[in-house]
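Have a look at the structure below before the remarks.
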Amino acid sequence: MRILVIHPHLNVKGGSERLTKILLDGLKEMERDYKIITSLYDEEWFKEHVDKMTLLSPGSSFEKVKEHVEKVVREYEPSIAIVMVQDPAYCYMIKNADQRVKTLMYIHFPIDEEISEENLKEYEYYLRYPRLAPRYLDKADIVVVNSRRTRLAVEMLWPYTPYVVYPCIDKIFFKEEITEEELKRKENLVIYVGRFVSLKRQDLLLYQFRIVKERIRDARLALLGYVDPRHREYYEAVKRTYEELQDSLKDVELITSPDDKTLLEYYKISRVYVHLRIGEHFGMAPVEAMSQGTPIVMRLPTGLIEKIENITYGYFVETDHEIAKYIIHILSLDRDEYYKISKRCIEKAREFYYTNFAREVLELS
């Protein structure tokens with residue numbers, strides 16, 4: 001079986017890009033024959049797959065992109081093409097080249113909530129076609145989503161009844177066993193990981209942390225994230241807020257574009273992971289944190305609650321008012337109770353082993 005994977009931009013370190021890496025790592029581990037169509041890519045994440053890439057040019061016209069995709073399909077002759085974003089225009093391009101190729105589209109959410117009139121041209125520059133989606137909905141043979149929450153949204157908006165394949169986490173989070181000593185050496189560090197976009201609400205955590213500091217004097221906060229060129233204004237706003245609070249909040253770090261080694265180290269030493277996105281479609285970063293024994297505090301609603309039980313691995317909260325309350329609670333746990341939760345987190349995260357994602361996706365084809 002020849003597998004064509006399409007993601008139009010792999011340079012932004014976001015959820016869809018990380019999940020595409022996880023798919024590719026799984027295909028490679030399974031010794032499958034695959035090829036990738038993309039444009040820009042992150043060298044750290046995709047260094048193992050560069051020789052499999054055929055590159056589009058950002059800013060190209062729709063016709064140029066279509067011509068490139070069709071050429072690859074005719075030359076490579078894949079059995080299945082996996083489109084890793086909710087862009088059925090790519091399914092159309094594939095079918096236009098060869099009707100026999102089965103098309104599978106992975107939907108993170110049917111409507112990209114981060115698109116606005118101001119940044120739509122940026123999305124189009126990165127070869128995304130949200131306005132064309134309704135025209136080509138019939139070109140996807142198999143539709144897959146990341147949670148039942150997303151499936152419900154798709155069923156209400158688009159003529160699909162999708163399969164659910166939950167995301168998994170990267171292989172770097174399974175390389176080493178976490179020792180008891182490491183878990184007991186965790187610091188009173190609160191972290192949040194994600195692209196700097198307004199829906200992630202990093203600014204709120206800066207203000208919530210003032211409440212935490214009143215109770216836990218040695219608490220620290222680290223915001224780790226990736227600056228999305230489509231949403232640079234929000235990052236600049238968070239940075240200004242961070243700088244304004246420096247006098248009152250001494251123990252805060254703002255870390256942009258961390259490499260995976262840095263990210264893993266922060267997950268290992270942190271005592272609480274916080275995720276404030278309201279309506280998270282799934283949420284991979286909380287599972288990454290759990291893999292290193294870090295309990296979570298996560299804002300509802302979220303698709304992750306379909307797989308992660310409340311209280312057992314941390315807390316899912318209904319209101320912003322509860323965020324600081326449960327951060328303080330976890331930071332205040334005694335060593336033995338905290339160790340029990342940490343061990344449960346590690347065990348649960350193993351269910352999201354990276355090769356499972358590629359295997360489950362291919363089983364649908």
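The values are calculated or read from the model by the stated rules, or taken from the named source; none is laboratory data. All figures in this text were calculated on a predicted structure; none of them were measured in a lab. Note that each Cβ is placed from the backbone with ideal geometry, even for glycine, and that neighbours are counted across all protein chains shown. Each accessible area value is taken on the protein alone, full model and side chains, heavy atoms only, with ligands, DNA and RNA left out. Shrake-Rupley method; radii C 1.70, N 1.55, O 1.52, S 1.80 Å.
Here are a few things to note about the model shown:
- Residue-span extension gain [S61 to Y163] - 0.36 nm each, minus C-alpha spacing: 33.5 nm
- Full-extension gain in nm, S365 to N310, via 0.36 nm per residue minus C-alpha separation: 16.4 nm
- Where labels lie 7 Å past Cα in the beta-carbon direction, separation of R240 and E182 in nm: 4.0
- Rounded, prolate or oblate (a/c below 1.5 giving rounded, otherwise prolate when a/b exceeds b/c) for the range 137-248 by Cα gyration tensor: oblate
- The residues of the chain present an accessible area of 43 Å² per residue when probed at 1.4 Å with all protein chains retained.
- Spatially proximal lysines relative to K28 (Cα-Cα < 20 Å; intrachain offsets below 8 disregarded): K47, K52, K171, K175
- Cα long-axis angle, helix 232-244 against the chain (0 to 90 degrees, to the nearest 10): 10
- Nonlocal amide H pairs with G314, under 5 Å, H built at 1.01 Å: I296
- Near the amide H of H275, within less than 5 Å, lie the amide hydrogens of V297, M298, R299, all on another chain or at least 5 residues away, with H placed in the peptide plane.
- Of all DSSP beta bridges confined to the chain, the antiparallel ones make up roughly 0%.
- Annotation for T54 and S248: the two label points, set 7 Å from Cα along the Cα-Cβ direction, are 5.7 nm apart.
- Low-density loop cleavage sites - GluC sites (Glu not before Pro) in the range 41-139, where at most 14 other Cβ are within 10 Å (DSSP): E113, E117, E118
- Difference of contour (0.36 nm per residue) and Cα-Cα distance, E155 to K325: 57.6 nm
- Ranked from largest, the principal axis spans of the Cα set of the range 252-365 equal 47, 31, 31 Å.
- In this structure the amide hydrogen of I6, modeled in the peptide plane, comes within under 5 Å of the amide hydrogens of I37, I82, V83, M84, none closer than 5 places in sequence on its chain.
- At R0 = 22 Å, FRET efficiency that the Cβ-Cβ distance of K47 and I255 yields, to 0.05: 0.50
- Shown for the range 1-70: the carbon plus sulfur share of the solvent-accessible area, taken with all protein chains present and a 1.4 angstrom probe, equals 41%.
- Label sites at S79 and K340, each approximated as a point 7 angstrom past Cα along Cα to Cβ, lie 4.9 nm apart.
- In sequence order, the range 203-219 has phi-based couplings of 4, 4, 5, 4, 6, 4, 5, 4, 5, 4, 5, 5, 9, 10, 4, 8, 5 Hz under the Karplus curve 6.51 cos²θ - 1.76 cosθ + 1.60, θ = phi - 60°, and Gly or Pro positions carry x.
- Portion, in percent, of the accessible area of the range 123-261 that falls on carbon or sulfur, probe 1.4 Å: 45
- For the range 1-130, the relative contact order is 28 percent, taking Cα pairs closer than 8 Å that sit 6 or more residues apart in sequence and dividing their mean separation by the residue count.
- Cα gyration tensor shape for the range 160-218, rounded if a/c is under 1.5, else prolate or oblate: oblate
- FRET efficiency for the pair N96 and L40, taken as 1/(1 + (r/R0)^6) with r the Cβ-Cβ distance and R0 = 22 Å, rounds to 0.35.
- Solvent-accessible area, 1.4 Å probe, carbon plus sulfur percent, for the range 278-361: 49
- Rg then Dmax, both in Å and based on the Cα atoms of the chain: 20.8, 63.
- Value of relative contact order over the range 251-342, rounded to a whole percent, pairs C-alpha under 8 Å and six or more apart: 26
- Heavy atoms of L362: accessible area, 1.4 Å probe, square angstrom to 10: 20
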